[in-house]
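Please read the structure below before turning to the comments.
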Amino acid sequence: MTEDRLSNQRGQVAVATLGREAWWLQPMLIVLALGGFMVYTAWAALQGTHYEYKNYFSPFYPTFTKPEWWPFSPAFLILWAPAGFRFTCYYFRKAFHRSVLLTPPACAVADARAGYTGESRFPLILMNLHRYFLYLAMVELAVLWYHAARSVVFDGRLGAGIGSLVMVANVAFLSLYLTSCHSFRHLIGGRLDCFSHCPTRHALWGQVSRLNERHDLWFWLSLFSVGLTDLYIRLLSMGIISDMRLF
């Protein structure tokens, strides 16, 4: 088969795909999900209240007291770090390019605009700061684990409520998301020239690589869990719902 005939067949397949498949559905759902999360996070951060209930603490707010010189909500003192990590991660970049920039929106679908330059120019070149946001996110994750531990202590004794499960599940999903990150995988073993000389790091790298295969899943689960955790604690603090003790 000649090269011209192969090119023609590829063109026919692309046109057929454009005619049959709802290629726009996934980009639309991603835009709605990401947009909804951003709107809720911005609204919750602007409130500056109802982020703590007994031994439960929202992941959107800092544990320290807001400085007197800071005129805005205390949430903005810390949210920039996990937001920077999440919005520069490799999966988000893929979702953002396909669903927002439409470059391309799907396989066999042309780019929405010409002259795409990738991440070589401002502001998309800032995506390369991801590895540095990783270190900040690791500090924030440690703080969230501390809050999760506090959520199972009631009046000095171990216990659990629905809020405890929500907070522990949230920090578990966030941990899976962070440790499945491409930059974390590189940090564990990407710089090694010879794995046989570092068997422990090679074993860890293998485990992280398996998590990395489902990085998109951990992205979405952790995105929803962190928002739902803040919402649950906010509703408790406002008195709209009550927390049920399990033991």
Residue pairs within 7 Å by beta carbon, gap of at least six or interchain, first lying in segment 42-65 and free of Cβ contacts under 8 Å to residues at least 24 places away in the same chain, second among the aliphatic types (A, V, I, L, M) and buried (at least 18 other Cβ atoms within 10 Å of the Cβ), listed first then second, are Tyr61/Ala75; Pro62/Ile78
Determine whether segment 41-55 contains at least one residue that is assigned to a loop (DSSP other than H, G, I, E, B) and open to solvent by 90 Å² or more (accessible area, probe 1.4 Å). yes
Across segment 177-206, the tally of residues that are among the hydrophobic types (A, V, I, L, M, F, W, C), closer than 30 Å to Ala42 by Cβ and not in a helix (DSSP H, G or I) stands at 1
Within segment 54-76, the residues that are more than 26 Å from Ser222 (Cα to Cα) and touching an Asp or Glu at 6+ places or on another chain (Cβ under 8 Å) are none
Only unsatisfied item for Val166, checking (1) over 16 Å from Tyr90 (Cβ atoms); (2) without any contact (Cβ under 8 Å) to a residue 24 or more places away in the chain; (3) not hydroxyl-bearing (Ser, Thr, Tyr), is (2)
Out of (1) surrounded by fewer than 18 Cβ atoms within 10 Å (Cβ to Cβ); (2) modelled with pLDDT of 95 or more, the one Pro62 does not meet is (2)
Leu129 - would you say it is in contact with a Cys (Cβ under 9 Å, 6 or more places away or on another chain), hydrophobic (A, V, I, L, M, F, W, C) and either part of a helix (DSSP H, G or I) or surrounded by fewer than 17 Cβ atoms within 10 Å (Cβ to Cβ) (or both)? no
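Could you say which residue among Ile241, Ile188 is touching a Leu at 6+ places or on another chain (Cβ under 7 Å), open to solvent by 50 Å² or more (accessible area, probe 1.4 Å) and on the phi < 0 side of the Ramachandran plot? Spell out how you get there, then give the answer.
Working: Ile188 fails: open to solvent by 50 Å² or more (accessible area, probe 1.4 Å).
From the options Ile241, Ile188, the qualifying one is Ile241.
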Open item on the list: Checking the structure you have, find out if any residue of segment 24-32 is under 18 Å from the mean Cα position of the chain (by Cα), free of Cβ contacts under 8 Å to residues at least 12 places away in the same chain and open to solvent by 40 Å² or more (accessible area, probe 1.4 Å).
Closed with: yes
When every residue in segment 143-161 that is open to solvent by 60 Å² or more (accessible area, probe 1.4 Å) and assigned to a helix (DSSP H, G or I) is compared, the one farthest from Leu77 (Cα to Cα) is Arg150
Within segment 207-247, residues being part of a helix (DSSP H, G or I) and touching a Gly at 6+ places or on another chain (Cβ under 8 Å) number 4
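Which one of these is among the polar types (S, T, N, Q), within 24 Å of Leu32 (Cα to Cα) and buried (at least 18 other Cβ atoms within 10 Å of the Cβ): Thr179, Thr229?
Details: Thr179 fails: within 24 Å of Leu32 (Cα to Cα).
Matching residue, one of Thr179, Thr229: Thr229.
The values are calculated or read from the model by the stated rules, or taken from the named source; none is laboratory data. Keep in mind it's a predicted model, so treat the numbers as computed, not measured. All Cβ positions, even for glycine, are placed from backbone atoms using ideal geometry, and neighbour counts span all protein chains on display. Surface accessibility is based on the protein's heavy atoms, side chains included, excluding ligands, DNA and RNA. Shrake-Rupley method; radii C 1.70, N 1.55, O 1.52, S 1.80 Å.
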